[in-house]
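Below is a structure I'd like to ask you about.
The values are calculated or read from the model by the stated rules, or taken from the named source; none is laboratory data. Since we're looking at a predicted model, the values are computed, not measured. Quick reminder, even Gly has a Cβ in these numbers, built from the backbone with ideal geometry, and neighbours come from all protein chains shown. Accessible surface areas use protein heavy atoms only, side chains included; no ligands, DNA or RNA. Shrake-Rupley method; radii C 1.70, N 1.55, O 1.52, S 1.80 Å.
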Amino acid sequence: MSTRKDQTFAPAPGRSVLMKLLPYAKPYRRQFLQLTLIMLAFSGSDAGLPLLSKWAIDSYARAEQHEGLFLFSIVCLGFALVRGIAVRWMITTGALIHTGISHDIRRDGFKHLQTLSFSYFDKHAVGWLMSRLTSDTLELSRMFAWGLVDLVDGLGKTIIIALIMLFLEVKLALVVLSVVPVLFLIVIRSQWVTLKKYREVRQANSEMTGGFNEGVQGAVTTRTLTREARALTEFDTLAGHMETVSINAARRAAVYFPLVLLFSTLGSGLVIWLGGDGVIAGTVSYGTLVAFVAYAGSFFTPLQDLAKRFPQLQNARACAERVFSMLETPPDVVDTPTAVELEQSGHLPDFNGNVIFEDVSFHYTPKEPVLTRFSLTIPAGGSVALVGETGAGKTTISSLLCRFYEPVGGRILIDGVDYLDMPVTWLRRHIGIVLQTPHLFSGSVRDNIVYGDLAATDDAVEAAARVVGAHEFIMDCEGGYAFNVGENGARLSVGQRQLISLARVVLAQPKLLILDEATSAIDTETERVVQTAIDRVLKGRTSLVIAHRLSTIRQADEIVLLRQGHILEKGSHRDLIARRGAYYNLYTSQFVEQAETRLLGESS
């Protein structure tokens, strides 16, 4: 289980988080306006209640005119109805904004992930990405919607109450307002320290999510090797770190609320003290004092609510920084202006499949070159096989050809044109790739085959399956082409999954086909079936075959033996055997190993 640190935790640069969120708020501006009006109505009705109390005390209770209290009760009931309706609309509208923004950010996040280069996924674990599109996005959208509710409610209520207090009694109002600058300084002083703590919380959450994801994916390996205790210890370390930083953040945030409560209580106490003297001196009425006591409490309530929300707001800000650090990551592989202009013109050339690697150099890290001035030609309609030890650069060559990565030196030409000047989508539309471990999506057999051409008919899907010899086993499955393959094809054998992935490629009809160790993960008997299907698929197509089992590439037009990114030997199978060089030694040793394995199997 991985315990690596999140290497990209730094806040996203550029505009403030709020400015980055505004485009997501724009589609919901009508709902935001409704929410603002609702909260102002709620704040106004809330601020009006102490005035009603002043009116009742001074006009009726002190004057002993009890018949007016009935009217007071009716007005209070009206205020309660307004508040009830406002709360209902507030919850409904806030939930709409919350879920809508969450949906939009996740949609854009997933869409952006589809554009990022493979190098991005090399550096970031699945759990890291899941954390941003799930928990981080949820926290961000929740606080953006409900945080606005608190902001509008608190700001509106504070302003209304301040105006009413100034209207009722200026001196007492100034006493209450004198506490505000102190509270403002507390907020400014606390926010950066609290934000730092909650950045650590979100980082720990990503690490824990990543550990949980790896634990689930590696459950079979963990049990096979009886390493459950070790896996539990590693996850407990991640969960313990999450617990520690969360407690530290909560402790830091806990300092803020008591300070706000202290100064709020001080303000209310000063009102009672000075207002009481005013009542005794006859300069302040009983009703005014009661209203001021209520207003002093209500005036500081939004600040106290903000103090409670403050840790959540800082947590949401940390979430926003993390989400936008992903959304603002530029892809490494993008269309050049020439490619964009060509695609917009609509005059895309035909893809014939003549490929030339011209002095291509590449590295994943500058200090570890994989290819250095590598040159190779794959003629249109021809087949070239790459063989060599692990790490020789075989898969890197296929990844460069698919433009998952781009050369750091040299050029790759497609039909005589630098492929950097061709649209990426145009290139990949004409390339099919079959991997060593085929990936199937959850769903039916038909859903997985039709992924090669979403507009394909059932007849076309069946025809593709027949070409690769998959139709028979598919019809033996319950439901035939409607059979659910399970997550990543778990209900099928590796060979069956490979045949379905081949059928998917056939349906897409690529001009160039890349086979990356397509038969190395299956048994010898299944290999014959898959190899027969591959031979059918390769007919009439340019192909680049990466093979571990050399017996599968004897018919290739040219075999290239690689060692540490350089071509050691190349030629046809017959020519290379006749030379009795490195390929000959590799082939004969593998032949002997396979013969020994077969004999041992027969004897057992």
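So that you can scan it fast, the table gives a plain yes or no per residue for (1) hydrophobic (A, V, I, L, M, F, W, C); (2) in contact (Cβ under 8 Å) with a residue 40 or more places away in the chain:
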| site | (1), (2) |
| --- | --- |
| His98 | no, yes |
| Ile101 | yes, yes |
| Asp108 | no, yes |
| Phe121 | yes, no |
| Leu129 | yes, yes |
| Leu138 | yes, no |
| Met143 | yes, yes |
| Trp146 | yes, yes |
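Could you pull out the residue among Glu527, Glu472, Glu487 that is on the phi < 0 side of the Ramachandran plot, modelled with pLDDT under 80 and not hydroxyl-bearing (Ser, Thr, Tyr)?
That would be Glu527, the only listed residue that is on the phi < 0 side of the Ramachandran plot, modelled with pLDDT under 80 and not hydroxyl-bearing (Ser, Thr, Tyr).
Separate question: Using beta carbons and a limit of 6 Å, which pairs, at least six apart or on different chains, have the first residue in the range 374-390 and within 20 Å of His363 (Cα to Cα) and at pLDDT 90 or above and the second one among the small types (Gly, Ala, Ser) and open to solvent by less than 50 Å² (accessible area, probe 1.4 Å)?
Partner pairs satisfying both residue conditions: Val387/Ala547.
Take the conditions hydrophobic (A, V, I, L, M, F, W, C) and either open to solvent by 20 Å² or more (accessible area, probe 1.4 Å) or in a helix (DSSP H, G or I) (or both) and apply them to Leu313. Does it pass?
The answer is yes for Leu313.
May I ask you to verify whether Pro349 is surrounded by 12 or more Cβ atoms within 10 Å (Cβ to Cβ), over 29 Å from the mean Cα position of the chain (by Cα) and farther than 25 Å from Trp426 by Cβ?
Against the criterion (surrounded by 12 or more Cβ atoms within 10 Å (Cβ to Cβ), over 29 Å from the mean Cα position of the chain (by Cα) and farther than 25 Å from Trp426 by Cβ), Pro349 does not qualify.
Quick one: count up the residues across the range 67-126 that are part of a loop (DSSP other than H, G, I, E, B) and farther than 30 Å from Val333 by Cα.
Total meeting the criteria: 1.
Okay, moving on. Just for strands (runs of 3 or more DSSP E) wholly inside the range 371-483: which have at least 2 residues that are in contact with an Asp or Glu (Cβ under 9 Å, 6 or more places away or on another chain) and under 22 Å from Gln498 (Cα atoms)?
383-388, 431-434
Now for a separate question. Scan the range 369-418 residue by residue and report those that are of a type in the set (Lys, Arg) and open to solvent by less than 10 Å² (accessible area, probe 1.4 Å). Talk me through it step by step, then tell me what you get.
Narrowing the range 369-418 to residues of a type in the set (Lys, Arg): 373, 394, 403, 411.
Within the range 369-418, just Arg403 meets the criteria.
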